[in-house]
2 protein chains.
Amino acid sequence: MLAALGHPQRLRIIARLAEGRVHVSELARRMGISRPLLYMHLERMEKAGLVTGDLELSPDGKAMKYFQLVPFDVRLSVDTVLDALRADEVAQRDEAARMDQGSRNDDREGPDDMQEPRS
Amino acid sequence: MLAALGHPQRLRIIARLAEGRVHVSELARRMGISRPLLYMHLERMEKAGLVTGDLELSPDGKAMKYFQLVPFDVRLSVDTVLDALRADEVAQRDEAARMDQGSRNDDREGPDDMQEPRS
DNA sequence: GTCACCTGTCAGTGTTGACTAACAGGGTGC
DNA sequence: GCACCCTGTTAGTCAACACTGACAGGTGAC
């Protein structure tokens, strides 16, 4: 999420979306950037949970993808960063364990040299 | 600042520095990354005001650069993003005006160095 | 039919970022 | 002298990102 916010263009997208939901082409026109570029940014932001997109049909039958802002309010401090890191560590360990479980019955790849350098 | 935080490696640096001040070589060793790479990250973070570095002489006379964390506590929401954007807009406008002034008065630049935008 | 909208995706390009190996220099201690 | 710490900077590689132009497809209005 921080990576998604760490780009001026994307912050400006947030500012535009704060005024209300817009469809992609209109937003690209207002911001003066190309549509594919806007797509990339929106995709990133959607993955980060900052925006959501809905494909709707306008009254005259045209398909339009409307994006809108997902309100967020996060406290960003040393402690929250530490907590997030710990949570991520646990999540990765769980995922690794799940992968290990899967590969035990399925396909034996890496022998044992992929040991995580923990300290 | 968000760009500086938007990288996992740098978040891990924060975690390490949260345990206390360390000098560069030691930190690089603990994290298992090369020293120049660590330099780059630290430089970025120092520019963002997240860490500070002090070159000190250890008791045995060796020069060592100790880095330490600058505690931060920021609220990150749609409104704060909007405020930051507005502030940045104003700052850029001022800078543009100053540049214009400078070019008008020949080479009138320099006495006031990098004004930091964040408080 | 053509025009004017829209969506989605592709192959490209230039730039920035992340990263490594290797350098030069300075101290202490032997 | 050499070995072992540290700092700071360079050149260079490699992958990811930011971005553009052009494509294919859809719809309704003229």
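Summary table below
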quantity	calculated
Any chance A:PRO36 is modelled with pLDDT of 95 or more, surrounded by fewer than 12 Cβ atoms within 10 Å (Cβ to Cβ) and more than 24 Å from B:ARG86 (Cα to Cα)	yes
Test: B:MET45 is surrounded by 13 or more Cβ atoms within 10 Å (Cβ to Cβ) and over 16 Å from the mean Cα position of the chain (by Cα)	no
Residue count, segment B:13-29 (criterion: more than 14 Å from the chain's Cα centre (by Cα), within 19 Å of A:LEU82 (Cβ to Cβ) and part of a helix (DSSP H, G or I))	5
Odd one out for B:LEU85 among (1) more than 11 Å from DNA strand C (Cβ to nearest atom); (2) at pLDDT 95 or above; (3) open to solvent by less than 50 Å² (accessible area, probe 1.4 Å); (4) under 19 Å from A:MET1 (Cα atoms)	(2)
Residue under evaluation A:GLU46, criteria (1) in contact with a strand residue (DSSP E or B) (Cβ under 8 Å, 6 or more places away or on another chain); (2) within 14 Å of chain B (Cβ to nearest Cβ), criterion not met	(2)
Positions within segment B:30-66 being in contact (Cβ under 8 Å) with a residue 24 or more places away in the chain and not in a strand (DSSP E or B), in sequence order	B:ILE33, B:LEU38, B:HIS41, B:LEU42, B:ARG44, B:MET45, B:LYS47, B:ALA48, B:GLY49, B:LEU50
Breaking point among (1) within 12 Å of chain B (Cβ to nearest Cβ); (2) open to solvent by 60 Å² or more (accessible area, probe 1.4 Å), for A:VAL78	(2)
Selection from segment B:5-29 of residues that are within 14 Å of DNA strand C (Cβ to nearest atom), open to solvent by 10 Å² or more (accessible area, probe 1.4 Å) and at the interface with another protein chain (Cβ under 10 Å from one of its Cβ atoms)	B:GLY6, B:HIS7, B:PRO8, B:ARG10, B:LEU11, B:ARG12
First in segment B:14-28 and hydroxyl-bearing (Ser, Thr, Tyr), second anywhere and open to solvent by less than 50 Å² (accessible area, probe 1.4 Å) and within 11 Å of DNA strand D (Cβ to nearest atom), Cβ under 9 Å, 6 or more apart	B:SER25/B:LEU38; B:SER25/B:MET64
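The values are calculated or read from the model by the stated rules, or taken from the named source; none is laboratory data. Treat the numbers as computed from the prediction; the structure is a model and nothing was measured. All Cβ positions, even for glycine, are placed from backbone atoms using ideal geometry, and neighbour counts span all protein chains on display. Just the protein is used for accessible areas: all its heavy atoms, side chains included, with ligands, DNA and RNA removed. Shrake-Rupley method; radii C 1.70, N 1.55, O 1.52, S 1.80 Å.
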